[in-house]
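Note sheet for the following structure.
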Amino acid sequence: MRTYADKHLTEDRIIRAVIDEAQLLRHEKEHLVQCLVCRDEKTRLEQDLTALGDAASRLAPRPRRAVVLPETKGKSPGWLTGHHSWALASVVCTVLVLFFLGWNFFVRLPQSRLASVEEEIQKDGQFMAEINDLVENPLPQVYRDISGDGYAEMDEDLMDFLVPEVEEHAGESSPA
């Protein structure tokens, strides 16, 4: 690239000025207005490009027939263009959300509820077995070890003898 000393615009910047002066910096625009050398160089480049365009249009062969581009028919909006794509995407998302909610509610929850009910039934069975053991032998294991086997052989008659039943007599009130 050619530079015009340190104070003039470079050839690249002059070409940019020919194409579009808005691309130049503010101080380059001011320089182009004030500097006669840079302004002449820009004018000369514009004239050369205009002459080149004129020569090209004179020397280029004429087409045998006129080139006409076919009219583009506007595509009818399909499901994947415009607002239809958003509608389709929202419908798909809604269907997926409803499917997963339905799956959780109708498939997974009943299975988990059934498993928890089965577990509760097993726990209830174990609890009832413990209660039945306590009905048969209410003493804790420590006291059963102390009392030995004799306690198991006691019958109702012996218990009635040791702890008689309280009979209420008419006219007497029982302590509450």
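Remarks
Yes or no, residue by residue, for (1) part of a helix (DSSP H, G or I); (2) at pLDDT 90 or above; (3) surrounded by 11 or more Cβ atoms within 10 Å (Cβ to Cβ):
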position	(1), (2), (3)
Thr3	no, no, yes
Ile15	yes, no, yes
Val37	yes, yes, yes
Asp40	yes, yes, no
Pro63	no, no, no
Val68	no, no, no
Gly74	no, no, no
Thr81	no, no, no
Ser90	yes, no, no
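- First in the stretch 26-55 and at positive phi, second anywhere and in a helix (DSSP H, G or I), Cβ under 8 Å, 6 or more apart: none
The values are calculated or read from the model by the stated rules, or taken from the named source; none is laboratory data. All figures in this text were calculated on a predicted structure; none of them were measured in a lab. A quick note on method: Cβ atoms are made from the backbone with ideal geometry, for glycine too, and the neighbour counts reach across all protein chains shown.
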